[in-house]
Amino acid sequence: MNKALVTGGAGFIGSHLCEKLVSKRIKVSVVDNLSTGRIENISKIINSIDFCEASILEKDSFIKLLDNQTTVFHLAALRSVPESFEMKNKYLKVNLEGTRTLLEACAEKNIKKFVFASSCSVYGEQKKQPLCESSPLIPASPYAETKLAGEQICTEFSKQGLDCVSLRYFNVYGPRQDCSGGYGSVIPAFVLSALAGKKAVIHGNGEQTRDFVFAGDVAEANFAAMQSKANLNGVAINIGSGNSTSVTALFNLVQELFGTKGKPEYFEKRTGDVDNAIADISLSEKLLSWQPQTSLKEGLSKTLESLRCDFGK
(Lines give C-alpha, C1' and ligand atoms only; values in the text may rest on other atoms or scores of the structure.)
Protein backbone atom coordinates (compact mmCIF):
# COMPACT_ATOMS: atom_id res chain seq x y z
CA MET A 1 0.00 0.00 0.00
CA ASN A 2 1.22 3.51 -0.85
CA LYS A 3 1.74 5.73 2.17
CA ALA A 4 1.80 9.52 2.39
CA LEU A 5 2.47 12.10 5.06
CA VAL A 6 0.74 15.48 4.88
CA THR A 7 2.02 18.42 6.90
CA GLY A 8 -0.73 20.93 7.61
CA GLY A 9 -3.21 18.15 6.94
CA ALA A 10 -5.81 19.59 9.32
CA GLY A 11 -5.81 22.88 7.46
CA PHE A 12 -8.06 24.11 4.68
CA ILE A 13 -6.27 22.70 1.62
CA GLY A 14 -4.54 19.93 3.56
CA SER A 15 -7.82 18.45 4.76
CA HIS A 16 -9.15 18.28 1.20
CA LEU A 17 -5.95 16.54 0.14
CA CYS A 18 -6.20 14.04 3.01
CA GLU A 19 -9.77 13.18 2.02
CA LYS A 20 -8.66 12.61 -1.56
CA LEU A 21 -5.79 10.35 -0.50
CA VAL A 22 -7.98 8.32 1.84
CA SER A 23 -10.54 7.89 -0.96
CA LYS A 24 -7.73 6.49 -3.12
CA ARG A 25 -6.83 3.97 -0.38
CA ILE A 26 -3.57 5.71 0.47
CA LYS A 27 -2.42 5.23 4.08
CA VAL A 28 -2.24 8.81 5.39
CA SER A 29 -0.30 10.33 8.27
CA VAL A 30 -0.84 13.95 9.27
CA VAL A 31 1.45 16.37 11.10
CA ASP A 32 -0.24 19.59 12.21
CA ASN A 33 0.30 21.81 15.23
CA LEU A 34 -3.32 23.07 14.99
CA SER A 35 -2.25 26.72 15.08
CA THR A 36 -4.53 27.36 12.10
CA GLY A 37 -5.72 23.85 11.26
CA ARG A 38 -8.69 22.29 13.02
CA ILE A 39 -9.43 18.69 13.97
CA GLU A 40 -12.98 19.33 12.76
CA ASN A 41 -11.61 19.63 9.22
CA ILE A 42 -10.56 15.98 9.25
CA SER A 43 -13.25 14.61 11.55
CA LYS A 44 -14.78 12.47 8.79
CA ILE A 45 -11.50 10.63 8.19
CA ILE A 46 -9.85 10.82 11.62
CA ASN A 47 -10.27 7.09 12.20
CA SER A 48 -8.61 6.33 8.86
CA ILE A 49 -5.41 8.32 9.41
CA ASP A 50 -2.51 8.63 11.84
CA PHE A 51 -2.52 12.10 13.41
CA CYS A 52 0.42 13.76 15.15
CA GLU A 53 0.00 17.16 16.79
CA ALA A 54 3.44 18.67 16.29
CA SER A 55 5.30 21.50 14.62
CA ILE A 56 7.40 20.87 11.51
CA LEU A 57 10.19 22.54 13.47
CA GLU A 58 10.15 19.61 15.91
CA LYS A 59 11.89 16.90 13.93
CA ASP A 60 11.98 14.39 16.77
CA SER A 61 8.19 14.62 17.12
CA PHE A 62 7.37 13.45 13.60
CA ILE A 63 10.38 11.68 12.12
CA LYS A 64 9.11 8.19 13.05
CA LEU A 65 6.02 8.86 10.94
CA LEU A 66 8.28 9.01 7.89
CA ASP A 67 9.16 5.33 8.15
CA ASN A 68 8.16 3.52 4.95
CA GLN A 69 6.42 6.57 3.49
CA THR A 70 6.45 6.96 -0.30
CA THR A 71 5.41 10.62 -0.58
CA VAL A 72 5.45 13.70 1.64
CA PHE A 73 3.11 16.60 0.90
CA HIS A 74 4.33 19.76 2.61
CA LEU A 75 1.47 22.23 3.13
CA ALA A 76 2.20 23.46 6.66
CA ALA A 77 3.09 27.17 6.58
CA LEU A 78 2.23 30.65 7.75
CA ARG A 79 0.40 32.24 4.82
CA SER A 80 -0.89 35.78 5.42
CA VAL A 81 0.69 38.39 3.15
CA PRO A 82 -0.15 41.39 5.42
CA GLU A 83 0.96 39.55 8.56
CA SER A 84 4.26 38.56 6.96
CA PHE A 85 5.36 42.21 6.88
CA GLU A 86 4.75 42.50 10.62
CA MET A 87 6.21 39.11 11.59
CA LYS A 88 8.96 38.56 9.05
CA ASN A 89 11.27 36.62 11.36
CA LYS A 90 8.48 34.24 12.37
CA TYR A 91 7.67 33.60 8.70
CA LEU A 92 11.31 32.92 7.94
CA LYS A 93 11.54 30.50 10.84
CA VAL A 94 8.37 28.51 10.14
CA ASN A 95 8.29 28.60 6.35
CA LEU A 96 12.01 28.27 5.68
CA GLU A 97 13.53 26.53 8.68
CA GLY A 98 10.50 24.26 8.85
CA THR A 99 10.80 23.30 5.18
CA ARG A 100 14.51 22.58 5.49
CA THR A 101 13.99 20.54 8.68
CA LEU A 102 11.35 18.43 6.95
CA LEU A 103 13.48 17.92 3.84
CA GLU A 104 16.44 16.83 5.95
CA ALA A 105 14.24 14.28 7.68
CA CYS A 106 12.93 13.06 4.30
CA ALA A 107 16.46 12.62 3.02
CA GLU A 108 17.37 10.61 6.11
CA LYS A 109 14.35 8.34 5.59
CA ASN A 110 14.88 7.95 1.83
CA ILE A 111 11.46 9.36 0.90
CA LYS A 112 10.75 8.87 -2.80
CA LYS A 113 8.80 12.06 -3.57
CA PHE A 114 8.34 15.46 -1.92
CA VAL A 115 5.48 17.74 -3.05
CA PHE A 116 5.86 21.33 -1.86
CA ALA A 117 2.93 23.76 -1.65
CA SER A 118 4.25 26.95 -3.19
CA SER A 119 2.34 30.04 -4.30
CA CYS A 120 1.66 32.26 -7.29
CA SER A 121 2.88 35.10 -5.06
CA VAL A 122 6.44 34.21 -6.15
CA TYR A 123 5.70 36.01 -9.45
CA GLY A 124 4.88 39.36 -7.87
CA GLU A 125 3.51 42.11 -10.10
CA GLN A 126 3.70 41.24 -13.79
CA LYS A 127 2.36 43.10 -16.82
CA LYS A 128 2.44 40.05 -19.06
CA GLN A 129 -0.38 37.62 -18.31
CA PRO A 130 -1.07 34.74 -18.01
CA LEU A 131 1.88 33.74 -15.86
CA CYS A 132 3.92 30.74 -16.93
CA GLU A 133 6.59 28.97 -14.92
CA SER A 134 9.35 30.78 -16.83
CA SER A 135 7.94 34.24 -15.97
CA PRO A 136 10.23 36.44 -13.87
CA LEU A 137 10.06 35.79 -10.14
CA ILE A 138 9.62 39.07 -8.23
CA PRO A 139 8.11 38.30 -4.80
CA ALA A 140 6.46 41.38 -3.30
CA SER A 141 6.10 40.27 0.34
CA PRO A 142 8.06 38.36 2.98
CA TYR A 143 5.49 35.55 2.63
CA ALA A 144 6.20 35.32 -1.10
CA GLU A 145 9.92 35.41 -0.45
CA THR A 146 9.64 32.42 1.87
CA LYS A 147 7.72 30.46 -0.76
CA LEU A 148 10.33 31.18 -3.42
CA ALA A 149 13.11 30.27 -0.99
CA GLY A 150 11.22 27.05 -0.18
CA GLU A 151 11.24 26.15 -3.88
CA GLN A 152 14.97 26.81 -4.00
CA ILE A 153 15.56 24.54 -1.00
CA CYS A 154 13.55 21.83 -2.78
CA THR A 155 15.74 22.24 -5.86
CA GLU A 156 18.80 21.94 -3.64
CA PHE A 157 17.58 18.64 -2.20
CA SER A 158 16.44 17.36 -5.60
CA LYS A 159 20.06 17.56 -6.75
CA GLN A 160 20.91 15.25 -3.84
CA GLY A 161 18.46 12.57 -5.02
CA LEU A 162 15.14 13.51 -3.36
CA ASP A 163 12.47 13.83 -6.05
CA CYS A 164 10.92 17.25 -5.31
CA VAL A 165 8.17 19.13 -7.13
CA SER A 166 6.75 22.54 -6.22
CA LEU A 167 3.09 23.28 -6.97
CA ARG A 168 2.42 27.01 -7.30
CA TYR A 169 -1.14 27.42 -6.03
CA PHE A 170 -3.08 30.35 -7.34
CA ASN A 171 -6.11 31.56 -5.32
CA VAL A 172 -7.55 28.46 -3.71
CA TYR A 173 -11.08 28.55 -2.29
CA GLY A 174 -13.73 26.12 -1.08
CA PRO A 175 -15.41 24.64 2.00
CA ARG A 176 -13.56 24.96 5.33
CA GLN A 177 -11.64 28.07 4.28
CA ASP A 178 -11.31 30.86 6.82
CA CYS A 179 -11.32 34.58 6.13
CA SER A 180 -7.72 35.44 6.99
CA GLY A 181 -4.98 35.75 4.42
CA GLY A 182 -4.97 36.98 0.85
CA TYR A 183 -7.33 37.14 -2.09
CA GLY A 184 -8.12 33.44 -2.04
CA SER A 185 -10.03 34.13 1.18
CA VAL A 186 -11.97 37.04 -0.29
CA ILE A 187 -14.60 34.45 -1.22
CA PRO A 188 -15.54 33.33 2.32
CA ALA A 189 -15.26 36.98 3.39
CA PHE A 190 -17.86 37.97 0.79
CA VAL A 191 -20.09 35.04 1.68
CA LEU A 192 -19.92 35.63 5.42
CA SER A 193 -20.65 39.34 4.93
CA ALA A 194 -23.77 38.38 2.99
CA LEU A 195 -24.82 35.87 5.66
CA ALA A 196 -24.40 38.52 8.35
CA GLY A 197 -26.19 41.20 6.33
CA LYS A 198 -23.09 43.41 6.34
CA LYS A 199 -21.27 45.24 3.57
CA ALA A 200 -18.40 43.35 1.96
CA VAL A 201 -14.97 44.94 1.88
CA ILE A 202 -12.85 45.30 -1.26
CA HIS A 203 -9.25 46.49 -0.99
CA GLY A 204 -8.36 48.49 -4.09
CA ASN A 205 -10.68 49.46 -6.94
CA GLY A 206 -12.07 45.96 -7.52
CA GLU A 207 -10.63 45.73 -11.03
CA GLN A 208 -7.69 43.60 -9.91
CA THR A 209 -7.96 40.10 -11.34
CA ARG A 210 -7.30 36.71 -9.81
CA ASP A 211 -7.30 33.05 -10.80
CA PHE A 212 -9.61 31.20 -8.41
CA VAL A 213 -9.17 27.43 -8.23
CA PHE A 214 -11.37 25.06 -6.21
CA ALA A 215 -9.79 23.18 -3.28
CA GLY A 216 -11.01 19.81 -4.58
CA ASP A 217 -9.21 20.42 -7.86
CA VAL A 218 -6.02 21.36 -5.99
CA ALA A 219 -6.26 18.07 -4.06
CA GLU A 220 -6.53 16.26 -7.42
CA ALA A 221 -3.42 18.10 -8.64
CA ASN A 222 -1.45 16.93 -5.60
CA PHE A 223 -2.59 13.36 -6.13
CA ALA A 224 -1.61 13.64 -9.80
CA ALA A 225 1.86 14.80 -8.74
CA MET A 226 2.15 11.77 -6.48
CA GLN A 227 1.11 9.41 -9.28
CA SER A 228 2.96 11.08 -12.16
CA LYS A 229 5.61 9.06 -13.97
CA ALA A 230 7.04 12.20 -15.58
CA ASN A 231 10.38 13.59 -14.46
CA LEU A 232 9.25 16.21 -11.94
CA ASN A 233 12.55 16.46 -10.10
CA GLY A 234 13.03 20.13 -9.14
CA VAL A 235 10.17 21.38 -11.34
CA ALA A 236 7.69 24.12 -10.34
CA ILE A 237 4.16 23.83 -11.78
CA ASN A 238 1.26 26.29 -11.78
CA ILE A 239 -1.98 25.07 -10.23
CA GLY A 240 -4.84 27.37 -11.17
CA SER A 241 -7.99 27.54 -13.25
CA GLY A 242 -6.46 29.41 -16.18
CA ASN A 243 -9.35 31.91 -15.97
CA SER A 244 -9.31 35.60 -15.06
CA THR A 245 -11.92 37.02 -12.66
CA SER A 246 -12.00 40.56 -11.30
CA VAL A 247 -12.79 41.03 -7.63
CA THR A 248 -15.83 43.10 -8.58
CA ALA A 249 -17.09 40.32 -10.88
CA LEU A 250 -16.54 37.84 -8.05
CA PHE A 251 -18.57 40.02 -5.67
CA ASN A 252 -21.38 40.27 -8.20
CA LEU A 253 -21.42 36.49 -8.66
CA VAL A 254 -21.69 35.95 -4.90
CA GLN A 255 -24.56 38.44 -4.82
CA GLU A 256 -26.25 36.57 -7.67
CA LEU A 257 -26.00 33.27 -5.80
CA PHE A 258 -27.50 34.93 -2.71
CA GLY A 259 -30.18 36.68 -4.71
CA THR A 260 -29.20 40.02 -3.18
CA LYS A 261 -28.05 43.40 -4.53
CA GLY A 262 -25.68 44.70 -1.92
CA LYS A 263 -22.82 47.12 -2.50
CA PRO A 264 -19.26 46.71 -1.18
CA GLU A 265 -17.12 49.18 0.74
CA TYR A 266 -13.80 50.09 -0.85
CA PHE A 267 -10.59 50.51 1.11
CA GLU A 268 -6.99 51.19 0.14
CA LYS A 269 -5.04 48.49 -1.62
CA ARG A 270 -3.08 46.37 0.86
CA THR A 271 0.72 46.30 0.86
CA GLY A 272 1.97 43.26 -1.03
CA ASP A 273 -1.19 42.74 -3.11
CA VAL A 274 -0.62 42.54 -6.86
CA ASP A 275 -3.04 43.80 -9.50
CA ASN A 276 -3.24 40.68 -11.66
CA ALA A 277 -2.30 37.02 -11.37
CA ILE A 278 -3.62 34.52 -13.93
CA ALA A 279 -2.16 31.04 -14.45
CA ASP A 280 -0.93 29.42 -17.61
CA ILE A 281 -1.68 25.78 -16.75
CA SER A 282 -0.27 24.12 -19.87
CA LEU A 283 2.63 22.59 -17.91
CA SER A 284 0.29 20.96 -15.40
CA GLU A 285 -1.63 19.47 -18.33
CA LYS A 286 1.59 18.18 -19.86
CA LEU A 287 3.36 16.82 -16.78
CA LEU A 288 0.46 15.90 -14.48
CA SER A 289 -2.32 15.28 -17.00
CA TRP A 290 -4.29 17.60 -14.73
CA GLN A 291 -6.93 20.19 -15.50
CA PRO A 292 -9.39 21.82 -13.08
CA GLN A 293 -12.89 20.37 -13.30
CA THR A 294 -14.89 22.82 -11.17
CA SER A 295 -16.25 26.07 -12.60
CA LEU A 296 -16.17 29.17 -10.39
CA LYS A 297 -19.96 29.27 -10.14
CA GLU A 298 -20.13 25.57 -9.18
CA GLY A 299 -17.33 25.95 -6.65
CA LEU A 300 -18.92 29.05 -5.15
CA SER A 301 -22.22 27.21 -4.77
CA LYS A 302 -20.47 24.41 -2.86
CA THR A 303 -18.63 26.92 -0.70
CA LEU A 304 -21.81 28.85 0.00
CA GLU A 305 -23.68 25.71 1.00
CA SER A 306 -20.85 24.68 3.32
CA LEU A 307 -20.76 28.08 5.02
CA ARG A 308 -24.53 28.12 5.38
CA CYS A 309 -24.31 24.80 7.21
CA ASP A 310 -21.48 26.05 9.42
CA PHE A 311 -23.45 29.12 10.47
CA GLY A 312 -26.88 27.54 10.50
CA LYS A 313 -28.24 29.93 7.90
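The values are calculated or read from the model by the stated rules, or taken from the named source; none is laboratory data. Note that this is a predicted model, so its numbers are computed, not measured. With ideal geometry, Cβ positions are generated from the backbone for all residues, glycine too; neighbour counts draw on all protein chains shown. Accessible surface is based on the protein model in full, side chains and every heavy atom, while ligands, DNA and RNA are left aside. Shrake-Rupley method; radii C 1.70, N 1.55, O 1.52, S 1.80 Å.
For this structure, a couple of remarks:
- In segment 195-264, the trypsin sites (Lys or Arg not before Pro) that fall in loop regions by DSSP, at most 10 other Cβ within 10 Å: 229, 261
- Taking the square roots of five times each eigenvalue of the Cα gyration tensor of segment 221-313, the equivalent ellipsoid has semi-axes of 32, 19, 12 Å, listed largest first.
- Counting only protein heavy atoms and a probe of 1.4 Å, the accessible surface of the chain is 48% carbon and sulfur.
- Percent of alpha-carbon pairs separated by more than 17 Å within segment 233-283: 58
- Degrees, to the nearest 10: 215-227 long Cα axis against longest axis of the chain: 20
- Principal axis dimensions, largest first and in whole angstrom, of segment 114-182 by Cα: 38, 33, 22
- Put simply, segment 36-93 fits an ellipsoid with semi-axes of 26, 16, 10 Å; these come from the alpha carbon gyration tensor as the roots of five times its eigenvalues, largest first.
- Taking 19 Å as the straight-line reach from the Cα of residue 109, the aspartates and glutamates in range (excluding those fewer than 8 positions away in the same chain) are 50, 58, 60, 67, 97, 156, 163.
- Structural descriptor for segment 53-101: relative contact order 51 percent, calculated from alpha carbon pairs under 8 angstrom and at least 6 residues apart.
- Cα long-axis angle, helix 186-196 against the chain (0 to 90 degrees, to the nearest 10): 50
- Coarse-grained scattering of segment 176-248 at q = 0.13, 0.14, 0.15, 0.18 Å⁻¹, given as base-10 log I(q)/I(0) from a Debye sum over alpha-carbon atoms: -0.53, -0.59, -0.66, -0.84
- The coefficient of translational diffusion for the chain, derived via Stokes-Einstein from the alpha carbon Kirkwood radius under 20 °C and 1.002 mPa s, stands at 109 µm²/s.
- Per residue accessible area of segment 59-106, 1.4 Å probe, in Å²: 46
- Sorting 149-158, 265-274 by their mean Cβ neighbour count within 10 Å, with the most densely packed peptide first, gives 149-158, 265-274.
- Residue 44-residue 245 pseudo-label distance in nm [points 7 Å out on the Cα-to-Cβ vector]: 2.1
- Over all pairs of different C-alpha atoms in segment 273-313, the reciprocal of the mean inverse distance, the Kirkwood hydrodynamic radius, equals 13.0 Å.
- Label-point separation, residue 64 to residue 104 (7 Å along Cα→Cβ), nm: 2.1
- Furthest towards positive pole of dipole, 74, 55, 177, structure part the chain, Cβ charges: 177
- Extreme residue, positive dipole direction of the chain, given options 45, 188, 212 (C-beta unit charges): 45
- Solvent exposure of segment 120-257 as accessible area per residue, Å², 1.4 Å probe: 36
- Angstrom value of the Kirkwood radius, inverse mean 1/r, which spans all Cα pairs in segment 1-120: 14.3
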